[in-house]
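So the structure is just underneath, and the comments pick up after that.
The values are calculated or read from the model by the stated rules, or taken from the named source; none is laboratory data. Remember, predicted model here, so these are calculated numbers, not experimental data. Heads up, the Cβs are rebuilt from the backbone with ideal geometry, glycines too, and the neighbour counts pull from every protein chain shown. Just the protein is used for accessible areas: all its heavy atoms, side chains included, with ligands, DNA and RNA removed. Shrake-Rupley method; radii C 1.70, N 1.55, O 1.52, S 1.80 Å.
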Amino acid sequence: MDSLDHMLTDPLELGPCGDGHGTRIMEDCLLGGTRVSLPEDLLEDPEIFFDVVSLSTWEEVLSDSQREHLQQFLPHFPEDSLEQQNQLILALFSGENFRFGNPLHIAQKLFRDTDSVESGFVQ
């Protein structure tokens, strides 16, 4: 995750919160071999999660090198692999069903509903 390390380790500008104390509840997660602290609201509120984990984030926020790094985790296809990966990305972010549901929707539900995030580790 070298190309994403700075995104995962740079401190966030949290600013004031609705409770007036200026702090947010963070959840520790283990993503691959990297421990990251993510805002609880990001993990538990579907609206916030899908605003961040979106096609517009993929296209407008991530750099080419970050997208290339993440694409290596997608399936590789014998023909037109890049084009098929792009179709897969569009299907993923549009909420399309992949046999047993959409992986992003399943992940958000797991973040929201399970104790795995509360205990600090999601893999």
>> Using the Cα centre of segment 26-117 as origin and beta-carbon charges of +1 (Lys, Arg) and -1 (Asp, Glu), tell me which of S63, I48, L30 is placed farthest towards the positive end of the dipole.
In response: L30
> Carbon-plus-sulfur fraction of the accessible area of segment 26-117, 1.4 Å probe, in percent?
Replying inline: 54
>> Accessible area per residue for segment 26-117 in Å², computed with a 1.4 Å probe and the full protein assembly in place, what is it?
In response: 65
> P46: net charge of surrounding residues, Cβ under 13 Å, Lys/Arg +1, Asp/Glu -1, itself excluded?
Replying inline: -4
